[in-house]
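Asks: Have a look at this one.
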Amino acid sequence: MMIHSQDRRNHDTPTIHDLIQQAADILAHARRLVVLTGAGISKESGIPTFREAQQGLWARHDPQRLATMQGFLADPKLVWDWYQFRLGLVEQAQPNPGHRAIAGLEPLLPHVTVITQNVDGLHARAGSHQVLELHGNIYRFKCLRGHGNLSMADLADQKATPPLCPHPNCQALVRPDVVWFGENLSYSVLNRAVAAAEACDVMLIVGTSGVVQPAASLPYNAWHARARIIEVNPEESDLTDLAHVYLAGPAGEMLPLVLAAMSDQQAGAVAR
Ligand code: NAD
């Protein structure tokens, strides 16, 4: 297990136990926490990440065909079926201990915002209340003429693949309400995410390679605002150099340990 900490005060290499205590201490004092997550947080729920060499989704599938507007217009059925396949994976998945630990921070801290690049809805299912979904949600659909907020139930009567918009006199093709490569993020969601990153005093980054913009800039917003930064990822990412504490391990193991250390510290403080 790799260890890394900008908080090192001497030349002794901190143990993972030390780093977990440091992360717990920083989090326990957070007044405004932002948790930024990527595909890695959901890996232990059985949902593949995008970029990892062997198992990543895009190692086996061509994003130009499956996750762009051009790909959808060229072969709407292929793209629709691909997202239905992924929706099936997500429906079978359960939130893992990493998602649950993040939800478990809410009752301990005054203000927690989760910003996720994931479209799987697992943070909300784990019990997080304030979740900004930068890249949309795989359970939601919209038509090419802009009628949005459609659910599978709204499309249930449809025989066409992909379905056609059920709004009166519309009939435009329906697509998943996720952000494809080359598309803009929702202006309002992105604005709220940037504001949260600029206002936070602690940012916890979990399971993102830090290469997809604009999400990858949010830790820089936090860093410039002098927030303390903690990262959890088994591999170093493009964001690791920003981290004051880097926990090199899977989120489903590291985050429950951090939460337990926070509870122990709190219990110790009460006992004293
Ligand atoms: P990414 O695939 O680029 O990177 C995944 C990161 O997670 C890597 O840095 C990897 O080392 C790390 N990781 C792997 N296992 C982990 C674990 N157990 N705990 C913690 N970290 C772990 O993903 P990204 O940075 O989120 O960016 C890619 C895009 O992929 C995003 O736009 C996102 O919308 C999309 N995506 C979403 C889902 C989902 O909704 N679950 C799944 C795949 C991809």
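The values are calculated or read from the model by the stated rules, or taken from the named source; none is laboratory data. Model, not experiment: these values are computed from the prediction. Using ideal geometry, Cβ is built from the backbone for each residue, glycine included, and neighbour counts are taken over all protein chains shown. Ligands, DNA and RNA are stripped out before the accessible areas are found, and what is left, the full protein with its side chains, is counted by its heavy atoms. Shrake-Rupley method; radii C 1.70, N 1.55, O 1.52, S 1.80 Å.
Asks: Report the Stokes-Einstein translational diffusion coefficient (µm² s⁻¹, integer) for the range 97-221, Rh taken as the Kirkwood radius over Cα pairs, at 25 °C with viscosity 0.890 mPa s. Let's see the in-between values first.
Replies: Values: Rh = 16.2 Å.
Using the Kirkwood radius from Cα pairs, D works out to 152 µm²/s.
Asks: Now for a separate question. All other residues with a Cβ under 14 Å from the Cβ of Leu218 taken together, and with Lys, Arg as +1 and Asp, Glu as -1, what is their net charge? Working shown, then result.
Replies: Numbers: positive: Arg32, Arg192; negative: Glu133, Glu198, Glu231, Asp238.
Taking every Cβ under 14 Å from that of Leu218, the sum is -2.
Asks: How do Phe85, Phe72 stack up against each other in accessible area, from largest to smallest, with a 1.4 angstrom probe?
Replies: Largest to smallest exposure gives the sequence Phe85, Phe72.
Asks: Let me ask something else. For the Cα atoms of the chain, what angle does the longest principal axis make with the long axis of helix 187-199, in degrees from 0 to 90, nearest 10?
Replies: 0 degrees
Asks: Gaussian network model of the chain, Cα springs within a sub-10 Å range: biggest mean-square fluctuation belongs to which of Ala227, Ala216, Ala74?
Replies: Ala74
Asks: So for the range 153-254, averaging the separation of alpha carbon pairs under 8 Å that are six or more residues apart and normalising by length, what relative contact order in percent results?
Replies: Across the range 153-254, relative contact order equals 18 percent.
Asks: Whole angstrom only: what separates the Cα centroid of the range 157-197 from the Cα centroid of the range 80-117?
Replies: Taking the Cα centre of the range 80-117 as reference, the centre of the range 157-197 is 20 Å away.
Asks: Please report the net charge: other residues with Cβ closer than 14 Å to the Cβ of Leu78, K and R +1, D and E -1. Don't jump to the answer; show the numbers that get you there.
Replies: Details: positive: Arg65, Lys77, Arg86, Arg175; negative: Asp62, Asp75, Asp81.
Net charge around Leu78: +1.
Asks: Next question. When the solvent-accessible surface of protein heavy atoms is calculated with a 1.4 angstrom probe, in what order do Leu19, Leu89 fall, highest first?
Replies: Numbers: Leu19 0, Leu89 55 Å².
Ranked list, largest accessible area first: Leu89, Leu19.
Asks: Given springs between every Cα pair under 10 Å in a Gaussian network model of the chain, which of Gly252, Gly146, Gly127 has the largest fluctuation?
Replies: The residue that fluctuates most here is Gly146.
Asks: Something else now. If I take all pairs of Cα atoms in the chain, what percentage of them are more than 35 Å from each other?
Replies: On the way: 7666 of 36856 pairs.
The share of Cα pairs beyond 35 Å in the chain comes to 21 percent.
Asks: Just to verify a number: what accessible area does Asp18 come out at with the full protein assembly present, 1.4 Å probe, Å² rounded to tens?
Replies: Taking all protein chains as shown, Asp18 has close to 60 Å².
Asks: To the nearest 10 square angstrom, what accessible area does Lys77 show with a 1.4 Å probe?
Replies: 100 Å²
Asks: Divide by every residue of the chain the summed helix terms, -39500 (n - 2.57) for each DSSP H run of at least 4, and state the resulting mean residue ellipticity at 222 nm, rounded to the nearest 500 deg cm²/dmol.
Replies: Working: 10 runs with 99 residues, N = 272.
Mean residue ellipticity, 222 nm, calculated: -10500 deg cm²/dmol.
Asks: Place a label point 7 angstrom from the Cα of Arg31 along the Cα-to-Cβ direction, then list the residues of the range 202-236 whose backbone nitrogen is under 19 Å away.
Replies: 202-204, 222-230
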